[in-house]
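Values quoted throughout were computed directly from the atomic coordinates according to the rules given, and no laboratory measurement underlies them. Because the structure is a prediction, the values reported are computed rather than measured. All Cβ positions, even for glycine, are placed from backbone atoms using ideal geometry, and neighbour counts span all protein chains on display.
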Amino acid sequence: MPNQELTRVFQALTDPTRRAVLERLTRGSAAVSELAQPFKMALPSFVQHLGVLEECGLVHSKKQGRVRTYTLAPQPLEAAEHWLAAQRLLWERRLDSLDDFLKTLKEQQR
């Protein structure tokens, strides 16, 4: 995933409303009205959140008649997870190196 796409995914995930929508979609597809129901905001504002999620590829929508249904698209989340795992590995190695260095310093002071 190019860096710009990853940035858009993380920006989308910063909002608690969008995270709640993604969490709801883990249980299956849902219509806009069902997704919007738990939130106390105007429907146009809520639809903007869905637009952000769709633009970064975290959800897909399908319109059938007058009903638009959203489905979770996990690929961008998987890419973000891989990036986070790589960062974790990097920092674990750095912290292990720091630990080794501090142990060496402590032994030298004896």
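Here are some notes:
- Neighbour-limited loop hits for trypsin sites (Lys or Arg not before Pro), the range 1-94 (at most 13 other Cβ within 10 Å; DSSP other than H, G, I, E, B): 27, 40, 66
- Computed about the Cα centre, the dipole magnitude for the chain is approximately 380 debye when only Lys and Arg (+1) and Asp and Glu (-1) carry charge, each at its Cβ.
- Sites residue 75 and residue 15, calculated FRET efficiency, Cβ-Cβ separation with R0 25 Å, nearest 0.05: 0.80
- Applying both filters, DSSP loop and at most 11 other Cβ atoms within 10 Å, to the GluC sites (Glu not before Pro) of the chain eliminates every site.
- Estimated FRET transfer efficiency (residue 84, residue 106; beta-carbon r; R0 30 Å; 0.05): 0.40
- Backbone HN-Hα couplings from phi across the range 22-38 [Karplus 6.51/-1.76/1.60, Hz, Gly and Pro as x]: 4, 4, 4, 5, 5, 8, x, 4, 8, 6, 4, 4, 5, 5, 6, 3, x
- Relative to the longest principal axis of the Cα atoms of the chain, helix 3-13 runs at roughly 70 degrees.
- Computed over the alpha-carbon atoms, the chain gives an Rg to Rh ratio of 1.27, Rh here being the Kirkwood radius from the mean inverse distance.
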